[in-house]
1. Stretched out fully, how many nm does the piece from Glu189 to Ser105 gain, at 0.36 nm a residue minus the Cα gap?
2. ³J(HN,Hα) across segment 54-61 via Karplus (A = 6.51, B = -1.76, C = 1.60, θ = phi - 60°), whole Hz, x for Gly/Pro?
3. So who's got an amide H within less than 5 Å of the one on Val69, skipping anything under 5 residues away but keeping other chains? H placed 1.01 Å off N, in plane.
4. Might you tell me the accessible area per residue for segment 182-228, computed with a 1.4 Å probe and given in Å²?
5. With r as the distance between the Cβ atoms of Leu82 and Asn220 and R0 = 35 Å, compute the FRET efficiency 1/(1 + (r/R0)^6) and round to 0.05.
6. Checking the table Lys136/Lys198; Lys71/Lys194; Lys56/Lys136; Lys56/Lys200; Lys56/Lys223; Lys61/Lys226 against a 31 Å threshold on Cα-Cα, which pairs fail?
7. Just need the relative contact order of segment 182-228 here, percent rounded to a whole number, with Cα pairs under 8 Å and 6+ apart.
8. From the phi of every residue in segment 44-53, what ³J(HN,Hα) in whole Hz does the Karplus formula 6.51 cos²θ - 1.76 cosθ + 1.60 yield, where θ is phi - 60° and glycine or proline is x?
Amino acid sequence: MKKKKIQNIIIGIVAISIIGAIAGYNYSADQTKQTGLQFGKELEQIQNDVTELQSKFYSEKIKWEEGDVTKDELLEFYGTHLEEFNEIISKYDELTPPKGFGFESSIDLLKLSSETQLASDSQFIEWMKTGDESAKVRSDTLIQESFNYELQGLVEYFSAKTGIKTYDEELKFEAPQSGLTQKVIQVAENMANKCDEKFKNESEEFDSDEIEVEWFNCINEAKKWKIEHLP
């Protein structure tokens, strides 16, 4: 479970980076700027809601482990959690990004990330109910997929962002710098692979909690580097 929790922390950091970039970007035309600002605020609220919901998901489990709630109470809470998560995910369909800049694909990926996270939570709850270890394995696999979709959403956002550079009234925009974007992604992936090689054993596991924390810090540095260097 520590591995899953750490992966969620990484996802939260990436989400914050996405929202910060969206909210802080200056659009050229007033109408587009207002649309962009509203889009950023609405997306920020959705991501905040997802983060808060996941925080409660794990805090309730801790309460159960410490004996503050019964297993039946925990499972009742988890039922409500799934309902609330579905409601939050539906809000992605209500977003209105600036038209013609390619933000739609980033929304699709962020929504898919949340849907995959929901599926992971469902499998985790199944494991809690039945003790079926295969459900736990599926939950862990899905959380990694959710993380990957989150990163792809980030790349799609920055690709759209590079197509919104203002110059003058006759030439306002330039095409995304896809070549540079791909190079940055490749370098970041290589950095992440080296983290795995350095800290994971032959079974793709960690020999101690301390090593897992070091791996997390290494992966986080790779993600930060990518965010800082994407055009």
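1. Length gained between Glu189 and Ser105: 28.1 nm.
2. My calculation for segment 54-61 gives 5, 4, 5, 4, 7, 5, 5, 5 Hz in order.
3. Trp64
4. Numbers: 3120 Å² over 47 residues.
Accessible area per residue: 66 Å².
5. 0.75
6. Working: Lys136/Lys198 26 Å; Lys71/Lys194 41 Å; Lys56/Lys136 19 Å; Lys56/Lys200 29 Å; Lys56/Lys223 25 Å; Lys61/Lys226 33 Å.
In this structure, Lys71/Lys194; Lys61/Lys226 lie more than 31 Å apart at Cα.
7. Taking the mean separation of contacting Cα pairs over the length of segment 182-228, I get 47 percent.
8. For segment 44-53, the Karplus-derived couplings read 4, 5, 4, 5, 5, 5, 4, 4, 5, 5 Hz, x marking Gly and Pro.
The values are calculated or read from the model by the stated rules, or taken from the named source; none is laboratory data. As the structure is a computational prediction, the values presented were derived from the model and not from experiment. Here the Cβ is made from the backbone with ideal geometry for all residues, glycine too, and neighbour counts use every protein chain on show. Note: accessible area is taken over every heavy atom of the protein model, side chains too, but ligands, DNA and RNA are not part of it. Shrake-Rupley method; radii C 1.70, N 1.55, O 1.52, S 1.80 Å.
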